[in-house]
Amino acid sequence: MIKQGEIIFNGKSSLNMNLRLEKYPTVQMTSEEYEEVPVEGRSGTLILNKGTYPNKVLPFTFTKISDDIDNMDELYDWLTNISDKRLFFGRNDRVYIVKKVVIGNFQKEFISFGNIDVQFICEPFLSDVYENEYIITQSGFSFFYGGTAPSNSLIRVYGNGNVQIIVDDSTMLIKDVIDYVDIDGELMQIRDKLGQSKDLDTTGDFVELDIGKHVIKFSSNITKIEFKYIAKYK
């Protein structure tokens with residue numbers, strides 16, 4: 001349970017770091033980016049929705065809980081040496097995914113004012129705390145995606161030769177697979193077991209998950225599929 005004045009980031013509680021939230025940010029609604037295009041002879045403008053969303057920026061102000069905070073190196077390491085990008089704030093069941101942490105003159109702010117301002121630049125959408133994973137051995141497997149925002153997947157396909165995977169109406173064919181291949185929807189990359197690119201051996205489209213039922217089919221020379229995703233929410 002997230003406590004009053006607490007965030008959890010990089011696997012640690014701010015309270016355990018002797019920091020308490022002094023000022024809570026106003027979290028803006030997630031709004032689709034758009035472009036206004038003037039049209040000659042027409043009042044107003046034409047609105048073109050881009051289908052993209054801006055980063056979510058969360059500015060926090062922390063203050064010292066007590067005066068016995070001396071380890072600036074530990075605090076700096078917590079905010080900069082990031083192994084867990086999840087940020088828990090205000091709720092336990094969903095998280096923000098941090099892309100970058102911006103801090104000011106860390107030591108001067110603490111010594112002079114007893115507080116620090118930290119800005120977390122996050123992905124546009126909230127995420128589930130943990131990823132979903134399916135081990136699939138039968139073609140025709142189906143699952144329900146419950147997120148309200150689109151999400152990408154990481155698919156590891158085990159097999160040899162020319163393999164084909166179909167997710168809903170999207171088909172992808174990958175040639176000359178040895179043991180397995182990764183289909184990384186987030187980075188839009190196809191990689192072999194050595195991490196080398198197989199983009200040139202691939203035809204077809206990456207899949208973007210939206211709310212509803214999804215069906216996965218595949219060719220007979222595929223022995224197993226590991227399908228992973230994290231549900232996103234606007």
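Identify all aspartates and glutamates with a Cα-Cα distance to Lys175 below 15 Å; exclude those on the same chain that are fewer than 8 residues away in sequence.
Here the aspartates and glutamates satisfying the reach criterion relative to Lys175 are Asp192, Asp199, Asp201, Asp205.
Can you give the FRET efficiency to the nearest 0.05 for Lys213 and Tyr130, using r as the Cβ-Cβ distance and R₀ = 25 Å?
The formula returns an efficiency of 0.70 here.
Give me the percent of accessible area attributable to carbon and sulfur for segment 184-234, probe 1.4 angstrom.
The nonpolar share, carbon plus sulfur, comes to 49 percent.
How much length would be gained if the chain were fully extended between Lys12 and Lys100, taking 0.36 nm per residue of separation minus their Cα-Cα distance, in nm to one decimal?
Fully extending the segment from Lys12 to Lys100 adds 30.0 nm.
Rounded to the nearest 500 deg cm²/dmol, what is the calculated helix-only ellipticity per residue at 222 nm for the chain, with -39500 (n - 2.57) per DSSP H run of length n ≥ 4?
Taking each H run of at least 4 residues, the total per residue is -2000 deg cm²/dmol.
Can you pull the percent of segment 1-148's accessible area that's carbon plus sulfur, 1.4 Å probe, other chains left in place?
C and S fraction of accessible area: 47 percent.
log₁₀ I(q)/I(0) of segment 144-234 at q = 0.11, 0.14, 0.18 Å⁻¹, via Debye over equal Cα point scatterers, no solvent, to two decimals?
So the normalised log intensities work out to -0.29, -0.46, -0.75.
Could you state the accessible area per residue of segment 156-234 in Å², with a 1.4 Å probe and every protein chain left in place?
Counting only protein heavy atoms, the per-residue value for segment 156-234 is 55 Å².
Quick check: residue separation of Asp201 and Phe144 times 0.36 nm, minus the Cα distance between them. What number comes out in nm?
Computed gain between Asp201 and Phe144 is 17.5 nm.
Determine the gain in length on full extension of the stretch Ile82-Tyr24; use 0.36 nm per residue of separation and subtract their C-alpha separation, reporting nm with one decimal.
Between Ile82 and Tyr24, full extension yields 18.6 nm more.
May I ask you to list the trypsin sites (Lys or Arg not before Pro) in segment 117-216 that are in a DSSP loop and have at most 15 other Cβ atoms within 10 Å of their Cβ?
Lys193
Quick one: Karplus J couplings for segment 191-199, per residue in order, coefficients 6.51, -1.76, 1.60, θ = phi - 60°, nearest Hz, x for Gly and Pro?
Couplings: 10, 7, 5, 9, x, 8, 5, 10, 4 Hz.
So what is the relative contact order for the chain, in percent, with contacts set as C-alpha pairs under 8 Å and at least six apart?
20
Modelled label-to-label distance, Glu35 and Ser220, 7 Å Cα→beta-carbon offset: nm?
It works out to 4.9 nm between the two label points.
Could you state the orientation-averaged shadow area of the convex hull built on the Cα atoms of segment 1-73, in nm² to one decimal?
Projected over every direction and averaged, the Cα hull of segment 1-73 covers 8.3 nm².
Between Thr171 and Tyr53, what is the FRET efficiency for a Förster distance of 25 Å, r being their Cβ-Cβ separation, to the nearest 0.05?
0.35
What is the Cα convex hull volume of the chain when expressed per residue in Å³?
Considering the Cα atoms of the chain, their hull volume per residue is 188 Å³.
The values are calculated or read from the model by the stated rules, or taken from the named source; none is laboratory data. The shown structure was predicted, so the numbers you read here are calculated from the model rather than taken from an experiment. Heads up, the Cβs are rebuilt from the backbone with ideal geometry, glycines too, and the neighbour counts pull from every protein chain shown. Ligands, DNA and RNA are stripped out before the accessible areas are found, and what is left, the full protein with its side chains, is counted by its heavy atoms. Shrake-Rupley method; radii C 1.70, N 1.55, O 1.52, S 1.80 Å.
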